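Here's the structure, in structure tokens; my notes come after.
The values are calculated or read from the model by the stated rules, or taken from the named source; none is laboratory data. From a predicted model like this one, the values you see are computed outputs, not experimental measurements. Cβ: placed from backbone, ideal geometry, glycine included. Neighbour counts: every protein chain shown.
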Amino acid sequence: MAESSSPAAQTLALTSQPSVPGMDPHHQDDCPENGLGRGNGETNGPPAKRSRPTPPLSPITAAEIAEEFSHHDLSVARINNGSFGSCPGSVLSAQAVWQRLFLRQPDAFYFNHLQPGLLRSRAIVKDLINATDIDEVSLVDNATTAAAIVLQHVSWAFSEGVFHKGDAVVMLHYAYGAVKKSIHAYVARAGGHVIEVPLPFPVSSNEEIIREFRKALDLGKANGRRVRLAVIDHVTSMPSVVIPVKELTKICRQEGVDQVFVDAAHAIGNVEVDVQDIDADFYTSNLHKWFFCPPSVAFLHSKKCSSSAPCLHHPVVSQEYGKGLPLESAWIGTRDYSSQLVVPSVIDFVNRFDGGILGIRTRNHDKVVEMGMMLAQAWGTFLGSPPEMCCSMIMVALPGSLGVSSEKDALKLRSLLREEYRVEVPIHYHRPKDIEAGRQNGHSGVTGYVRISYQVYNTVDDYYRLRDAVHKLVNDGFNCGMLPSK
Ligand SMILES: Cc1ncc(COP(=O)(O)O)c(C=O)c1O
């Protein structure tokens, strides 16, 4: 995992509680209906207060971490932070304060507190990701929504004749299911020709990925077609691999791809995010996966709308339409905005750890590698990628005797592990066809992998429980064919 020094992420210290008295009310002359301003950082409330990095005087203890996550079902070895993330108790409490503040006097909240609070969160995200301007940062519900925003924009380019029928859109074969479907729903339907990049798995180097990506771009450009959009994951979901997104974006620029959208749903809190360095047109990451926010909140980074940068629009149209995506996204009707408002409280939480968020992700990475190697050794199998190509998640091959032969088998085995062994871990079925498309790597016969995550609340015992459950299944002569078909 790349661990270069990122901007403020690991060091940012903010005062953060949604303490009502500390908030300056700002009424907006230009939009008296809703208290929204022009989004220039002056009219929408006070900017976040920053201070120099201060290492915690006494870092959070194991007992305090356990207390922060005591709302988890402690009977379950939860080694799947990747799917839904996790939120500590102190952040949930801050969220409840915001919710109460709204319900106590909704109009005052709406006119005085909501927009300044959202601006604080955006200011923090701006620093975390090294964006140049706060107006490049929008808060949206989740990565799925961010994808809809970008792909809706691309579909308009097709329907308005800016892009032409048959122009190509390139995405990874292992793009997230909802994003793939969104590409088809918005772009293929508008006339785009979708090309999938077959990713090698197991994978052993970035070069293997870069080679396949170049081939896909060549295919996209065949017969005089243009590649209008590349959708690139920063961290693929399943199988999970860190993609060399900066290199692929650079190649897109060299090859004349019009726009690059990075789906980095798993990125923030998990890998370094520097949007200037990556230089994509659009970059989204959930904050509720690896950044301890409650569901659901993500950011979408896009250059400020200008003659060279397109104006994105939120698909849920409000009276803010046309004021720029950050403001469009900051009011999409009456709803609970509290998950977007607690970002400062998350900073308070992560700063209790040695090294802040950088310290957390570095340790998570080291631990997940250690746990992955322990499991692979115990089961006589292997990892799906080298340690430097994984983040806080890693793929570990399951013993072939378990006979994972379909997506259904993978789901059934996952349910069995949940219900009989109290282990929550996603399972990847690797189709033999995909193995042929990728590389054999001497790993033939293996069609099942677990994706293990490591987050601050995990302990070694969680992984031992998985290890022992699989051992028991193997020793009992179990294979997935024995599971009832539902
Ligand atoms: C790569 C990737 N993209 C998009 C998503 C969708 O995230 P959300 O459900 O929060 O919208 C996920 C969810 O796991 C993902 O892994």
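Observations on the structure shown:
- Scanning region 79-96 for residues that are away from the ligand (no atom under 16 Å from the Cβ) and in contact with a helix residue (DSSP H, G or I) (Cβ under 9 Å, 6 or more places away or on another chain) turns up P88, G89, S90, V91, S93, A94, Q95, A96.
- Flag for K181 being assigned to a helix (DSSP H, G or I), within 16 Å of the ligand (Cβ to nearest atom) and surrounded by fewer than 16 Cβ atoms within 10 Å (Cβ to Cβ): yes
- Which listed residue is on the phi < 0 side of the Ramachandran plot, in a helix (DSSP H, G or I) and buried (at least 21 other Cβ atoms within 10 Å of the Cβ), from S401, S345: S345
- Residue satisfying condition, being within 16 Å of the ligand (Cβ to nearest atom), part of a loop (DSSP other than H, G, I, E, B), outside the structural domain of M389 (by TED's automatic domain parsing) and under 21 Å from the mean Cα position of the chain (by Cα), within set M238, M171: M238
- Residues that are over 18 Å from the mean Cα position of the chain (by Cα) and in contact (Cβ under 8 Å) with a residue 40 or more places away in the chain, drawn from region 241-254: E247, I251
- Here V76 clears all of (1) touching an Asp or Glu at 6+ places or on another chain (Cβ under 9 Å); (2) within 16 Å of the ligand (Cβ to nearest atom); (3) outside the structural domain of K303 (by TED's automatic domain parsing) except the condition numbered (2).
- Among the residues making up region 62-88, those that are polar (S, T, N, Q) and under 25 Å from V450 (Cα atoms) are S75, N80, N81, S83, S86.
- Scope region 210-222; condition buried (at least 16 other Cβ atoms within 10 Å of the Cβ) and either without any contact (Cβ under 8 Å) to a residue 24 or more places away in the chain or within 15 Å of the ligand (Cβ to nearest atom) (or both); matching residues: E212
- Test: Q115 is in contact with a helix residue (DSSP H, G or I) (Cβ under 9 Å, 6 or more places away or on another chain) and over 24 Å from K323 (Cβ atoms): no
- Note on region 267-307: among residues that are among the aromatic types (F, W, Y) and assigned to a strand (DSSP E or B), the one that is farthest from I232 (Cα to Cα) is F299.
- Hey, M393 assigned by TED's automatic domain parsing to the domain that holds D461, surrounded by fewer than 22 Cβ atoms within 10 Å (Cβ to Cβ) and at pLDDT 95 or above or not: no
- Residues of region 246-269 that turn out to be within 24 Å of S155 (Cα to Cα) and within 12 Å of the ligand (Cβ to nearest atom), as a count: 5
- Residue in region 302-324 that is within 30 Å of V470 (Cβ to Cβ), surrounded by fewer than 20 Cβ atoms within 10 Å (Cβ to Cβ), modelled with pLDDT of 95 or more and more than 16 Å from the ligand (Cβ to nearest atom) present: no
- Whenever a residue of region 48-69 is more than 13 Å from V350 (Cβ to Cβ) and at pLDDT 75 or above, its partners that are surrounded by 13 or more Cβ atoms within 10 Å (Cβ to Cβ) and not small (G, A, S), lying with C-beta atoms within less than 6 angstrom and at least six residues away or across chains, give the pairs F69/Y457.
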